[in-house]
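Please read the structure below before turning to the comments.
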Amino acid sequence: KFHNKRAVYIAKNEGLEVHAYNANAVMMEAGLKTYIREMLARVKMFYEIYTNKPPTYFGEPIEIK
C-alpha cells in the first residue's frame, strides 16, 4: 500500500490517470525496516518533485500511451 501511495502521487503530479493494486502486507520482522525506508523515500520524492529533478531510470525508457 505504501509504495502505491507514492507511485500514484508521482503519476498524478505528472498529469497521468492511474490505478494501483496493493500487494499483501509485509511481515512484522520486516515491518519497521520497511516503514523507515518508506518515510525516507517520501522525503526524497517531495524533494525531487519540488526541485524538478528528472527521474532516474535503470533501463530503457518505456513510453506510456
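The values are calculated or read from the model by the stated rules, or taken from the named source; none is laboratory data. Note that the coordinates shown come from a computational prediction; the quantities given were computed from them, not determined experimentally. Cβ coordinates were reconstructed from backbone atoms using ideal geometry, including for glycine residues, and neighbour counts include every protein chain displayed. Ligands, DNA and RNA are excluded from the accessible area calculation, which covers all protein heavy atoms including side chains. Shrake-Rupley method; radii C 1.70, N 1.55, O 1.52, S 1.80 Å.
Would you mind stating whether Asn13 is in contact with a Lys or Arg (Cβ under 6 Å, 6 or more places away or on another chain) and open to solvent by less than 100 Å² (accessible area, probe 1.4 Å)?
Spelling it out, it is not the case that Asn13 is in contact with a Lys or Arg (Cβ under 6 Å, 6 or more places away or on another chain) and open to solvent by less than 100 Å² (accessible area, probe 1.4 Å).
Inspect region 11-19 for any residue being over 19 Å from Ile64 (Cβ atoms) and at pLDDT 85 or above and give the result as yes or no. Step through it out loud before you land on a result.
Just the residues of region 11-19 that are over 19 Å from Ile64 (Cβ atoms), to begin with: none.
No, there is no match, as no residue in region 11-19 is over 19 Å from Ile64 (Cβ atoms) and at pLDDT 85 or above.
Does region 36-46 contain at least one residue that is touching a residue at least 12 places away in the same chain (Cβ under 8 Å) and either open to solvent by 100 Å² or more (accessible area, probe 1.4 Å) or not aliphatic (A, V, I, L, M) (or both)?
Just the residues of region 36-46 that are touching a residue at least 12 places away in the same chain (Cβ under 8 Å), to begin with: 38, 41-42, 45.
Keeping just the survivors that are either open to solvent by 100 Å² or more (accessible area, probe 1.4 Å) or not aliphatic (A, V, I, L, M) (or both) gives 38, 42.
Checked region 36-46: at least one residue is touching a residue at least 12 places away in the same chain (Cβ under 8 Å) and either open to solvent by 100 Å² or more (accessible area, probe 1.4 Å) or not aliphatic (A, V, I, L, M) (or both).
Criterion first (part of a helix (DSSP H, G or I), touching a residue at least 12 places away in the same chain (Cβ under 8 Å) and of a type in the set (Val, Ile, Thr)) does Ile64 satisfy it?
Numbers: part of a helix (DSSP H, G or I): no; touching a residue at least 12 places away in the same chain (Cβ under 8 Å): yes; of a type in the set (Val, Ile, Thr): yes.
So Ile64 fails the test.
With (1) modelled with pLDDT of 85 or more; (2) open to solvent by 100 Å² or more (accessible area, probe 1.4 Å) as the list, and Met27 as the residue in question, which single condition is left unmet?
The failed condition is (1).
If you scan region 47-58, which residues turn out to be in contact with a helix residue (DSSP H, G or I) (Cβ under 8 Å, 6 or more places away or on another chain) and surrounded by 10 or more Cβ atoms within 10 Å (Cβ to Cβ)? Reasoning before the result, please.
Restricting attention to region 47-58, the residues satisfying the condition of being in contact with a helix residue (DSSP H, G or I) (Cβ under 8 Å, 6 or more places away or on another chain) are 49, 53, 55.
Result: Ile49, Lys53.
I need the full set of residues from region 30-58 which are part of a loop (DSSP other than H, G, I, E, B) and at pLDDT 85 or above, in order please.
Just the residues of region 30-58 that are part of a loop (DSSP other than H, G, I, E, B), to begin with: 51-58.
Result: Thr51, Asn52, Lys53.
With the structure loaded, tell me whether Arg6 is among the charged types (D, E, K, R), surrounded by 10 or more Cβ atoms within 10 Å (Cβ to Cβ) and touching a residue at least 12 places away in the same chain (Cβ under 8 Å) or whether it fails that test. It would help to see each step written out before you state the result.
Details: among the charged types (D, E, K, R): yes; surrounded by 10 or more Cβ atoms within 10 Å (Cβ to Cβ): yes; touching a residue at least 12 places away in the same chain (Cβ under 8 Å): yes.
Against the criterion (among the charged types (D, E, K, R), surrounded by 10 or more Cβ atoms within 10 Å (Cβ to Cβ) and touching a residue at least 12 places away in the same chain (Cβ under 8 Å)), Arg6 qualifies.
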